[in-house]
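What follows is a set of notes on a single structure, which appears directly below.
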Amino acid sequence: MLFHVFLIHLSILLLPGTSYLTDIVWWSGTIAMALGQIGNFLAYTAVPTVLVTPLGALGVPFGSILASYLLKEKLNILGKLGCLLSCAGSVVLIIHSPKSESVTTQAELEEKLTNPVFVGYLCVVLLMLLLLIFWIAPAHGPTNIMVYISICSLLGSFTVPSTKGIGLAAQDIFHNNPSSQRALYLCLVLLAVLGCSIIIQFRYINKALECFDSSVFGAIYYVVFTTLVLLASAILFREWSNVGVVDFLGMACGFTTVSIGIVLIQVFKEFNFNIGDLNKPNMKTD
């Protein structure tokens, strides 16, 4: 979540007519988010992807709460409920998440990358991306929000696994052994894939923000992006192999709760409604 929030933030920065380039507060926030993304990168190397990616959504409720106090932005009852649901869902995710990594070495990573199931998945994703970018997006992108969201989310299938793979490969680069050279090549390939993925995502996020409301885009993007990232990670790293039925259902409920919370915060933040309205008597007119 933090990764695509960072991209949305930069895309808004570069929209025509914005003057944030001279705003020190905006740049302070951008630098802080960049540092947060570095921490996000380190987290992917230490814990399962199935836990890190959904928990990135915690930045939204905490950011909304801080904005309500520091920037005096209005946080209505639905936004407060969304913050509560996001935190509660995150706790459920932590409780039921896998307790250990399924891939911890470069050799295991290389074996997973050449797995026929994962290769087949990548081929399907690439085919869908080609169809979306060259045929569907030019005709329907400006009128259908799901086109740009699908492109960016499918690219997340490369972004997050590449980030995790770079962290695993980097551990062997500086070791003085025969595998260090292979680790360097693997790291460079993953860096190239990550760079291309980020550049294309940045372009289509910018296009989406020119055509659609950023709040609606961000909420739908979180759900679709996280779902596809979890699918790609499950196929590549097999993180779900040691998860029982109870934990699987718990994680599904936790992710659903977080997603509902994000939608309430993002989509309904301009909705003029508060708890005091429930106490007002109904006024009848003649």
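The values are calculated or read from the model by the stated rules, or taken from the named source; none is laboratory data. Given the structure is predicted, the values throughout are model-derived calculations rather than measurements. Every residue, glycine as well, gets a Cβ built from its backbone with ideal geometry; the counts of neighbours run over all protein chains shown.
So, Ile199, is that one in a helix (DSSP H, G or I), β-branched (Val, Ile, Thr) and surrounded by 18 or more Cβ atoms within 10 Å (Cβ to Cβ) or not?
Numbers: in a helix (DSSP H, G or I): yes; β-branched (Val, Ile, Thr): yes; surrounded by 18 or more Cβ atoms within 10 Å (Cβ to Cβ): no.
Judged against the criteria, Ile199 is not a match.
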Would you confirm whether any residue within the stretch 118-129 is within 20 Å of the chain's Cα centre (by Cα), at pLDDT below 85 and of a type outside the set (D, E, K, R)? no
Tell me the residue from Glu101, Glu111 that is over 14 Å from the mean Cα position of the chain (by Cα) and either at pLDDT below 70 or buried (at least 21 other Cβ atoms within 10 Å of the Cβ) (or both), please. Glu101
Which condition does Thr143 not pass, out of (1) over 22 Å from the mean Cα position of the chain (by Cα); (2) part of a helix (DSSP H, G or I); (3) more than 20 Å from Ile198 (Cα to Cα), if it passes all the others? (2)
How many residues does the stretch 145-157 contain that are among the aromatic types (Phe, Trp, Tyr) and either modelled with pLDDT under 80 or at positive phi (or both)? 0
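Restricting to the stretch 241-272, count the residues that are at pLDDT below 80, under 30 Å from Cys123 (Cα atoms) and crowded, with 18+ Cβ neighbours inside 10 Å. Write out each step before concluding.
Taking the stretch 241-272 first, the residues at pLDDT below 80 are 241-244, 266-272.
Applying the additional criterion that residues be under 30 Å from Cys123 (Cα atoms) yields 241-244.
Subsequent filtering for residues that are crowded, with 18+ Cβ neighbours inside 10 Å retains 243.
Of the residues in the stretch 241-272, 1 are at pLDDT below 80, under 30 Å from Cys123 (Cα atoms) and crowded, with 18+ Cβ neighbours inside 10 Å.
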